[in-house]
Amino acid sequence: MPGGRVEPGESDAQALVREMAEETGLTVEVGALVGTVVRGDFHITDYRCTVVGGTLRAGDDAADARWVDAAEFATLPLVEGLAETLDGWGVLPPRRGSIRQLPS
């Protein structure tokens, strides 16, 4: 999962576009706020994004970059609480055979 910090003078959107380019090679358009969470000293803010350019690749701080479906996502080694937080925000695709009611 791409991530990073907002540098002095940057907006969240500017930092997100920069970090996505650095870490994934993708150019994104920033969308709506998905949610915020505090983990220790970290204040994490997540946004929806639309890919508008670039080619997916791993940045120099990652071993791999790839798109995954819900089944593969469930097998990834993630930081504690990440999957549950994203699921609670309703931003993960439903697993095969499950039904998720979309927010109205």
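From the list (1) 45, 9, 9; (2) 23, 17, 15; (3) 25, 19, 11, can you say which value of semi-axes √(5λ) of the Cα gyration tensor in Å was derived from the structure given? The calculated read-out lines up with (2). Measure nothing but the geometry: give the 0 to 90° angle between the long axis through the Cα atoms of 12-24 and the longest principal axis through the Cα atoms of the chain, rounded to 10°. Between helix and principal axis, roughly 80 degrees.
Each peptide in 15-26, 32-43 was scored by the mean count of other Cβ atoms within 10 Å over its residues; highest first, the order is 15-26, 32-43. Counting alpha carbon pairs within less than 8 Å and at least 6 residues apart, what relative contact order, in whole percent, applies to the chain? Over the chain, the number comes to 19 percent. Rounded to the nearest 20, the size of the Cβ-charge dipole of the chain about its Cα centre is 480 debye, with Lys and Arg at +1 and Asp and Glu at -1. With neighbour counts taken as other beta-carbon atoms within 10 Å, the residues ASP69, ASP12 rank, fewest first, as ASP69, ASP12.
The simple spin-label model puts a point 7 Å past each Cα toward its Cβ; for GLU72 and THR45 those points are separated by 3.1 nm. Placing pseudo-labels 7 Å out from each Cα toward the beta carbon at LEU92 and ALA63 gives an inter-label distance of 2.1 nm.
Values quoted throughout were computed directly from the atomic coordinates according to the rules given, and no laboratory measurement underlies them. Just so we're clear, the structure is a prediction, and the values are computed from it rather than from any experiment. Methodologically, a virtual Cβ is constructed for each residue, glycine included, from the backbone with ideal geometry; neighbour enumeration extends over all protein chains shown.
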